[in-house]
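Contents: one structure, followed by commentary.
The values are calculated or read from the model by the stated rules, or taken from the named source; none is laboratory data. All values derive from a computational prediction rather than experimental measurement. Here the Cβ is made from the backbone with ideal geometry for all residues, glycine too, and neighbour counts use every protein chain on show.
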Amino acid sequence: MARPMGPVRLRRTNYLTLAIGAVLCLFILYFLLQSGSDAPNPTSQNPNRPPIRKPTSKSSLIGERPPVRRFNLNNVTITTDPIGNREAVLILTPMARFYQEYWDNLLKLNYPHELISLGFILPKNKEGNAATTALQAQITKTQKGPLKDRFRSIVIERQDFDPPLVSQDEAERHKMENQKARRASMSRARNSLLFTALGVDTSWVLWLDSDIVETPPTLIQDLAAHDKALIVPNCYQRYTDPDTGKPAERPYDFNSWQDSQTAQQIATKMGPDDILLEGYSEMATYRALMAYMAESEDKKDLEVNLDGVGGTALLVKADVHRDGAMFPPFPFYHLIETEGFAKMAKRLGWQAVGLPNYKVYHYNE
Amino acid sequence: MLPSYSSSTTSKMSSRHHHAAYANGYPRGNTFDISPHRFQPRASTPAHRRRKNLLMRLGITLIVVVLFGLFVWPGNASMTSIFSLGLIGVSDDVLMDTVRYYDLSNVQGTARGWEREERILLCVPLRDAEQHLPMMFSHLRNFTYPHHLIDLAFLVSDSKDRTLELLVEKLEELQAHEDPKQPYGEISIIEKDFGQKVNQDVESRHGFAAQASRRKLMAQARNWLLSATLRPYHSWVYWRDVDVETAPFTILEDLMRHNKDVIVPNVWRPLPDWLGGEQPYDLNSWQESETALALADTLDEDAVIVEGYAEYATWRPHLAYLRDPYGDPDMEMEIDGVGGVSILAKARVFRSGVHFPAFSFEKHAETEGFGKMAKRMQFSVVGLPHYTIWHLYEPSVDDIRHMEEMEQERLAKEAFEKEAEERAKKIKDAFDDTNSQWEQDKSEIQNLAKEASKEQKSSSKKESKADSKKASSEDEEDDSTEISDRKSSRGSKKVKNQELEDEEEVDASQDTRKGSSGDSDKASDKSRKNNQVKAES
């Protein structure tokens, strides 16, 4: 029909447009409401959860009133029966490379997982990024998996300093001149992880290197049962003997030792910034190494006192760290990293102990 | 919409001139109302469109129901992910609440932390500090650094008073403050008893013998507090003692601005006037000296050098003694040992392992050892000599004794003054008596005199003329006799001074004025007058 002049009017309602509009409205509304409903802190639901907070600054705003929380550290027990007393264990791992075997072994530990918190620190370089991705994938898988496998909490940290070496290759890593810088950097990584991850209810701290691929599943209980401030199992490596072609094992970690006169004499002649290293023929210290003390499998509970400890696997009472014992990134009595840690713990009155016949296994490159 | 020519052609009534039309060619009312071209509404909508409409409605209803369902059951993650096309990892958050990721290079600490929302951990070790808590909370209320960026950590150890109860009470009050900018971030109170044997009173606390073990225990307490509360999101750590009396509200920003790894202000304390008004308090901030290094070499492994005691003369330059009240507060000074009253440090210092040695680290413990260790790890350790905060003055036992003495002195003085006053009053009273007596006597005498004069007046009226002249002559006679008396007395005086005033003696008779130099002026005046009178006569 011919119409008089005037504004053109759509006579038919376009249902498609309406529908899209409605959907959009609801979409927007959904996100508006969602952000609001997300605000209550999930930590309030579970008082037992360690106080770890999301790194976003959004989580604490002006006007928010966090509660006053009291923690009585007199009630944190450290006993020989950690499972019976529900003692929290913190497993700390400085990680440069991710090994699937490490993660699998970690999952095999039969200490109740709801009492285990994990802490990782990774360098901020290409290798570190790759390891972080792999680690996060495994963590996601585990934490979404069956409830009994889930760990209590996991903290992943990235280092705020660059590792001194480009390569993590075995040969490069173990060069003597590189050792000091490498281990100083390692110490800083360990300390960063330790002092930020140590919770108010942690009873034990287990240092476990990322290349430890085999341990007894009862590792934590077994070591805790000795009731020692610092306790180290013997770290070995499985390999295939090239001569016989049969699987064999050899000692790997030489940082657990008893001090010798020779070593102390060498130390007195050293400058204040020099360090004593173990396992290098240029520096014959004649220390008694725990790596060579292994006798037979059936004497697993044999203890030896140590003056230096290795960090591949090391169970420490949280009190030792709380007193201030850390991994010196500088020469401390000519010792560095885990060996310096043993010395510092000793200065604070804590004795290190080793179990020569209790073995954990290092990855074979 | 113009009139169509086709329609006009269809009309048989066409003519050259449109009778029924306007001159402009627009049609009149019903001119073109011709049925074949009229719009005819359909009897019903076509089937396919009906189906489409129905589907559309169903779709809308379904979406509404789904969305409604999402609001009602927000935890339904699978629905959310379908709806958001998996763009938002909501399910991750819900399931993986136990996993945290931190990049420590984001929490390095910068000079303008308050703008970058850097979090501070404020650590306060407490022991039997109930009386100081109100003062500390007044400081907490006054900090200008955004409160929600500050996490508070307290360690309450071995307290026998109500420190813990009062602390909790005060903190809850603070968190419930009406001003939304007052509440702080996370607040943790750590309780741990170390079985401290050293008393907290000033004398036993600062005695030399107790220092080493006391400071090792203090260090232990500090380490426990820090290791339990430091988190990967902290950029700064601020250590503050509870007994700071006066400090600038902006102290956090002021110290942060210097962008140093470890920084301390100067700590003084006010004193009562009799002790000099003020005094350097914290002697633990110092620069290393050769003497001290040499001394350290002679000591055994577990010895701890404590500063501020005569037993160890270290000759170190102390931050405290370098203060100039009018100096530039931004002036920095490199130091080696730090005092623990107020330390601002970047969290990365603590993260890399620097702590308060509870053993003898390079012959130092606690905060001094902390400074030494930070230096050892190549961190910058700086003090501000002219930026001062004031520690509370707690009188020492000696001071208290002295104050007691002073108090006794004051009481004695007061008693004495009271006594003196009483005596004065007594004397005054006594004098008052005599005065009144005097007055009485005086008035009596005056009365008598008046009566006498009255009588005299009445009698004198008769012979007033004759008497007046006689009286004047009598006066003169009196004067002359008086003068002669004086001269004789003066003569006797002169005998004493003979040797000295030989010359004077010569003309003494002529000039009595000169001779009377030792006497009062009044007397000399009178004698002059008398001489004149004599001359006249």
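Looking at the structure I just gave you, is A:E278 under 24 Å from A:A184 (Cβ atoms) and in contact with a Lys or Arg (Cβ under 7 Å, 6 or more places away or on another chain)?
On the way: under 24 Å from A:A184 (Cβ atoms): yes; in contact with a Lys or Arg (Cβ under 7 Å, 6 or more places away or on another chain): yes.
Yes; evaluated as a whole, the condition is true for this residue.
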If we ask which residues in region A:231-286 are among the polar types (S, T, N, Q) and touching a residue at least 40 places away in the same chain (Cβ under 8 Å), their number turns out to be 5
Take region B:216-233 and flag every residue that is facing chain A (nearest Cβ under 8 Å) and not polar (S, T, N, Q).
B:A219, B:W224, B:L226, B:A228, B:L230, B:R231, B:P232, B:Y233
Residue by residue through region A:329-359, note down the ones that are over 21 Å from the mean Cα position of the chain (by Cα) and under 23 Å from A:M283 (Cα atoms).
A:F330, A:P331, A:F332, A:Y333, A:H334, A:L335, A:K343
Quick check on my filter: what residues within region A:99-112 are assigned to a helix (DSSP H, G or I) and either charged (D, E, K, R) or crowded, with 19+ Cβ neighbours inside 10 Å (or both)?
A:E101, A:Y102, A:W103, A:D104, A:N105, A:L106, A:K108
Within region B:36-76, the residues that are facing chain A (nearest Cβ under 9 Å), surrounded by 10 or more Cβ atoms within 10 Å (Cβ to Cβ) and at pLDDT below 70 are B:H37, B:P74
Considering region A:287-330, residues that are free of Cβ contacts under 8 Å to residues at least 60 places away in the same chain and within 14 Å of chain B (Cβ to nearest Cβ), and then whichever is surrounded by the fewest Cβ atoms within 10 Å (Cβ to Cβ), we arrive at A:D323
Would you confirm, using the coordinates I've provided, whether B:A365 is touching an Asp or Glu at 6+ places or on another chain (Cβ under 8 Å) and either surrounded by 23 or more Cβ atoms within 10 Å (Cβ to Cβ) or within 14 Å of chain A (Cβ to nearest Cβ) (or both)?
no
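Please tell me if B:I263 is away from chain A (no Cβ under 14 Å), in contact with a Phe, Trp or Tyr (Cβ under 6 Å, 6 or more places away or on another chain) and not hydroxyl-bearing (S, T, Y).
On the way: away from chain A (no Cβ under 14 Å): yes; in contact with a Phe, Trp or Tyr (Cβ under 6 Å, 6 or more places away or on another chain): no; not hydroxyl-bearing (S, T, Y): yes.
Criteria not met by B:I263.
Would you call B:L133 farther than 23 Å from A:R65 by Cα and either assigned to a helix (DSSP H, G or I) or modelled with pLDDT under 85 (or both)? Working first, answer last.
Numbers: farther than 23 Å from A:R65 by Cα: no; either assigned to a helix (DSSP H, G or I) or modelled with pLDDT under 85 (or both): yes.
Here the answer is no, as B:L133 does not meet what is asked.
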Looking only at residues in region B:154-163 that are more than 22 Å from the chain's Cα centre (by Cα) and within 12 Å of another protein chain (Cβ to nearest Cβ), which one is surrounded by the fewest Cβ atoms within 10 Å (Cβ to Cβ)?
B:D158
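In this structure, is B:L252 within 14 Å of chain A (Cβ to nearest Cβ) and not hydroxyl-bearing (S, T, Y)?
On the way: within 14 Å of chain A (Cβ to nearest Cβ): no; not hydroxyl-bearing (S, T, Y): yes.
In short, no.
What tally of residues in region B:100-123 results from selecting those that are in a strand (DSSP E or B) and either among the aromatic types (F, W, Y) or surrounded by 16 or more Cβ atoms within 10 Å (Cβ to Cβ) (or both)?
Looking only at that region, the number is 8.
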Suppose we keep only residues that are among the aliphatic types (A, V, I, L, M) and part of a strand (DSSP E or B) within region B:312-359. Which one would you say is surrounded by the fewest Cβ atoms within 10 Å (Cβ to Cβ)?
B:M333
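Condition check: over 26 Å from A:L230 (Cα atoms) and not hydroxyl-bearing (S, T, Y). Does A:L135 satisfy that? Break it down into steps so the answer makes sense when it comes.
Values: over 26 Å from A:L230 (Cα atoms): yes; not hydroxyl-bearing (S, T, Y): yes.
Answer is yes for this residue.
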Is it the case that A:T77 is touching an Asp or Glu at 6+ places or on another chain (Cβ under 8 Å) and either of a type in the set (S, T, N, Q) or crowded, with 21+ Cβ neighbours inside 10 Å (or both)?
yes
